[in-house]
Ligand SMILES: C[S@@+](CC[C@H](N)C(=O)[O-])C[C@H]1O[C@@H](n2cnc3c(N)ncnc32)[C@H](O)[C@@H]1O
């Protein structure tokens, strides 16, 4: 088993961390959760439908604004992230906003927690895209209590078939790569290594981890949405096909 991408992604995120401070600060200041690259409100997405407080782990927490939202909603969050620089920003925001919870430097593929420690696990563009699903999803299932939920959001499988190789050109309205064999994604001009698998493979994996599917939420930006700074997809594409998807799954009793 190769863990090379854990080290290289740590280096990448240590460099990128400074670019995520402003967005993190804005998200910490906001009480209403806004999801994904277009910031769709929780009232429209419903990613937290199955969150009812209790022990929470955020997998690849980055600046940890989701953990802050959940702490303000009676959760007891723990944030884990592979990048010390991201966690440093998160720790600064804890002081600024006076919302404190444990922040752990670690790898979401090898969680430093006992079995059945959490009621809810969540990842928004954290482990959800930066970890190998065949490693992180069994780990998330292991640390969830029976009846606990995992919610995760990232780029849709369809977008990953249409997204351009470079960061500057938006996703095409045609398929640019095969779905068969999709798993590890590396880009010519981007040092980050991500993971995306097909829906069929993901469903098989979830079932093998005793995770039953509650909902697959396909996200579309509302009509009045403004373009983002991210060039890999634009509104023209995102208003026709789901640019992001969120899965809510439950560990069976
Ligand atoms: C885009 S941020 C996600 C945080 C936040 N929700 C956001 O969208 O900004 C991605 C985070 O995943 C973290 N990450 C990457 N690989 C990881 C791993 N193996 N274990 C834990 N965190 C990881 C990175 O360090 C980074 O902070």
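Top mean-square fluctuation among 235, 144, 211, Gaussian network model of the chain, C-alpha springs under 10 Å?
Per the Cα network of the chain with a 10 Å cutoff, 235 tops the list.
Stretch residue 230-residue 105 to full length: gain in nm at 0.36 nm per residue minus the Cα-Cα span? All intermediate terms of the calculation are to be shown ahead of the outcome.
Working: separation 125, 0.36 × 125 = 45.00 nm, distance 2.74 nm.
Length difference between fully extended and current span is 42.3 nm.
What is the range 4-251's relative contact order, in percent, from Cα pairs under 8 angstrom and six or more apart in sequence?
Numbers: 487 pairs, mean separation 47.5, N = 248.
Computed value for the range 4-251: 19 percent relative contact order.
Between 166, 119, 132, find the one with the highest GNM mean-square fluctuation for the chain; connect C-alpha pairs within less than 10 Å.
Result for the chain, Cα springs under 10 Å: 166 fluctuates most.
Can you show me the helix-derived [θ] at 222 nm for the chain, built from DSSP H runs with n ≥ 4 at -39,500 (n - 2.57) apiece and divided by the number of residues, rounded to the nearest 500. Let's see the in-between values first.
Working: 10 runs with 82 residues, N = 253.
Rounded to the nearest 500, the figure is -9000 deg cm²/dmol.
Tell me, 226, 201 in order of fewest to most beta-carbon neighbours within 10 Å? Each step should come with its number before you reach the end.
On the way: 226 8, 201 16.
Ascending number of Cβ neighbours within 10 Å: 226, 201.
Would you mind telling me which residue in 162, 61, 131 has the biggest mean-square fluctuation in a Gaussian network model of the chain, where springs connect alpha carbons within a distance under 10 angstrom?
It is 162.
Using label points projected 7 Å from each Cα along Cα→Cβ, tell me how many nm separate residue 30 and residue 185, to one decimal.
2.2 nm
Need one word for the range 170-253: rounded, prolate or oblate. Basis is the Cα gyration tensor (sqrt eigenvalues a ≥ b ≥ c); a/c below 1.5 gives rounded, then a/b vs b/c decides. Before the final figure, lay out each step's value.
Values: a/c = 2.26, a/b = 1.38, b/c = 1.65.
Here the range 170-253 falls in the oblate category.
For 156, 164, which order do you get if you count the other beta carbons within 10 Å of each Cβ and list the fewest first?
Numbers: 156 23, 164 15.
Fewest-to-most Cβ neighbours within 10 Å comes out as 164, 156.
Rounded to the nearest 0.05, what FRET efficiency do residue 23 and residue 239 give with R0 = 25 Å and r taken as the Cβ-Cβ distance? Could you check?
Working: r = 23 Å, r/R0 = 0.90.
In this case the efficiency is close to 0.65.
Give me 123, 43, 117 sorted ascending by neighbouring Cβ count inside 10 Å, so fewest comes first. Display every interim value, and only then the final one.
Values: 123 26, 43 8, 117 16.
The most exposed by this proxy come first: 43, 117, 123.
Roughly speaking, what is the stretch gain from residue 207 to residue 74, that is 0.36 nm per residue apart minus the C-alpha to C-alpha distance, in nm to one decimal? All intermediate terms of the calculation are to be shown ahead of the outcome.
Numbers: separation 133, 0.36 × 133 = 47.88 nm, distance 2.96 nm.
Extra length available between residue 207 and residue 74 comes to 44.9 nm.
Where a number appears in this text, it was derived from the coordinates with a stated rule and is not lab data. Here the structure is a predicted model, which is why all the values come from computation and not from measurement. Note that each Cβ is placed from the backbone with ideal geometry, even for glycine, and that neighbours are counted across all protein chains shown.
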